Amino acid sequence: MASFSFVHAADLHLGSPFRGLSLKDPAVADRFADATRNAFTVLVTRTLERKADFLVIAGDIYDGEWQDNSVGLFFNREIARLDRAGVPVFVLRGNHDAESVVTKSISLPDNVRSFGTRKPESHALEELGVVLHGQSFADRHVAENLARAYPPPVAGKVNIGVLHTSLTGRPPHADYAPCSLEDLTAKGYDYWALGHVHQYEVVNRDPPVVFPGNLQGRNSRETGEKGAVLVTVEDGRVSGLERLIVDEARFERLELDIGACEDLPGLLATVEDGLAPLARMARGRPVALRLRLHGYSELRPWLLANRSQLADEVQAALDRVGQDVWLEKLELDVADAPGRAPSPLADSSLDIAALLEAAARDPDLGAAASANLAELGRKIPNGALDPARPFGEDLDTLIQEAKAVLAERISGRGR
């Protein structure tokens, strides 16, 4: 039997907006916004460089209905590079680009072969001795087990199943085209090219059942390196799986316990030490970092009272570690150190803490404050913040932080 290689990708999400990306530098924000398209360009280039015999895209090429034809023209332009090199492309529609969702179209090159939506279809590459089986989504919500209707393997061929599925469930991904691993392995195929889950996962080794993950992280939940998989077949059996990392920008999360930090320089040194491995792994890509500081700390009042300065100090620390590391969001989940004496107030006749506690228990004031916060969130342009929680915390947490801020500022202490 012939030996060959192919690239398995999924979840391109071309046209996906980068909502909620709060970076101070507009030029950096633009780089993240362009990253989804750039990652696909890199994928096509790597497919050509590695001389892969064909490309499989297991769903969600597009993020949804096109605003205009530019996203379709971009996909066509990149796929045409593969067409000129004689590389076939097999595409399957998922929940985001289901037939009922993406209704616009651009004529694609002759190398593109699409799986239909009415029933599973098979496409053969006779010169390679390979057959691909798959079924696209007709609608966004597919509740039935599509894998059960896939045909038996073609004898004497390498059989590849292409499916957009959540398997038995992969939270937080929606439960579409559910099936079990046993449903897939029982088919007798040599490889299952899955899509829908945005994290790389080899679900099974023999036969390989693989989620390649998405090509490009788009928010702080999609962290780490992203890409596709180069699959090598020798004498009719899958002999190798190699990740092709193609993301052009990266999201990372870092959680640090600052309980041992006695002052701001110590805290910043802890940030630098924690970030260094992530910066090395990024290999020069821009990184949007969501940083969570937690633990019991005597620094808590100062941190809460000086959030803006702290954020700038953290960004300066990030600059010292890597040229293209940007603070996407700073989360403070710090508690007062046990036994810490309360901050002295300049006017002991005014019990600010008691007033704030009373305000927190006042249902009318709480309702009014919540309504005002929600209204502010709705006025932020371009959906940059969550309208329900525009400041990232609930009202009770904000009031508790306000108590610490006022106590720190009235005390007149500094760091």
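What follows is calculated from the coordinates using simple rules that are stated; it is not laboratory data. Keep in mind that what you see is a predicted model, and the values were worked out from it rather than measured. All Cβ positions, even for glycine, are placed from backbone atoms using ideal geometry, and neighbour counts span all protein chains on display.
For the range 128-158, the residues whose amide N sits under 14 Å from a probe point set 7 Å from the Cα of ASP175 along the beta carbon direction are 142-145. Inter-label distance, VAL28 to ALA269: 2.5 nm, where each label sits 7 Å from its Cα along the C-beta direction. Here the peptides 318-328, 221-231, 155-165, 119-129 are ranked by packing, the mean other Cβ count within 10 Å, and the order with the highest first is 155-165, 221-231, 318-328, 119-129. Can you classify the range 165-264 as rounded, prolate or oblate using the Cα gyration tensor, where a ≥ b ≥ c are the square roots of its eigenvalues, rounded means a/c under 1.5, and otherwise it's prolate if a/b beats b/c and oblate if not? Verdict is prolate for the range 165-264. Under 19 Å from a label point set 7 Å out along the Cα-to-Cβ vector of ARG81, the amide N atoms of the range 37-66 belong to 37-58, 61-62.
Stretch GLU255-LEU241 to full length: gain in nm at 0.36 nm per residue minus the Cα-Cα span?
1.9 nm
In order along the range 124-132, the Karplus-derived 3J(HN,Hα) couplings, from 6.51 cos²θ - 1.76 cosθ + 1.60 at θ = phi - 60°, round to 10, 10, 4, 5, 9, x, 10, 10, 10 Hz, and Gly and Pro are given as x.
With 27 Å as the limit on Cα-Cα distance, the pairs of LYS51/LYS157; LYS187/LYS226; LYS104/LYS329 that go past it are LYS187/LYS226; LYS104/LYS329. Were the residues from ALA2 through GLN323 laid out at 0.36 nm apart, the gain over their Cα-Cα distance would be 110.9 nm. Using the Karplus relation 6.51 cos²θ - 1.76 cosθ + 1.60 with θ = phi - 60°, the per-residue 3J(HN,Hα) values for the range 315-330 come to 4, 4, 5, 5, 4, 6, 8, x, 5, 10, 10, 10, 6, 7, 7, 10 Hz, with x marking Gly and Pro.
Close amide H partners of ALA193, meaning residues 5 or more places away or on another chain with modelled amide H under 5 Å apart, are GLY161, VAL162, LEU163. Per-peptide packing, taken as the mean over residues of other Cβ atoms within 10 Å, places 95-103, 198-206 in the sequence 95-103, 198-206 from highest down. Specify the inter-centroid distance of the range 19-83 and the range 188-222, based on alpha-carbon positions, in whole Å. Using only Cα atoms, the two centres lie 18 Å from each other.
Here ASP110 and ASN69 are evaluated by their C-beta separation; at R0 = 25 Å the FRET efficiency comes out at 0.80. Scalar couplings 3J(HN,Hα) for the range 55-63, obtained by applying the Karplus form with A = 6.51, B = -1.76, C = 1.60 to θ = phi - 60°, are 10, 10, 10, 8, x, 6, 5, 10, 7 Hz; x denotes Gly and Pro. Taking only the alpha carbons of the range 243-306, we obtain Rg and Dmax values of 14.4, 46 Å in that order.
Normalised by the number of residues in the range 65-135, what is the relative contact order in percent for Cα pairs under 8 Å and 6+ residues apart?
Reported relative contact order: 31 percent.
Fully extending the segment from THR45 to ASN204, taken as 0.36 nm per residue of separation minus the present Cα-Cα distance, adds 54.4 nm. Treating r as the C-beta distance of ARG148 and THR103 and R0 as 25 Å, the FRET efficiency rounds to 0.30.
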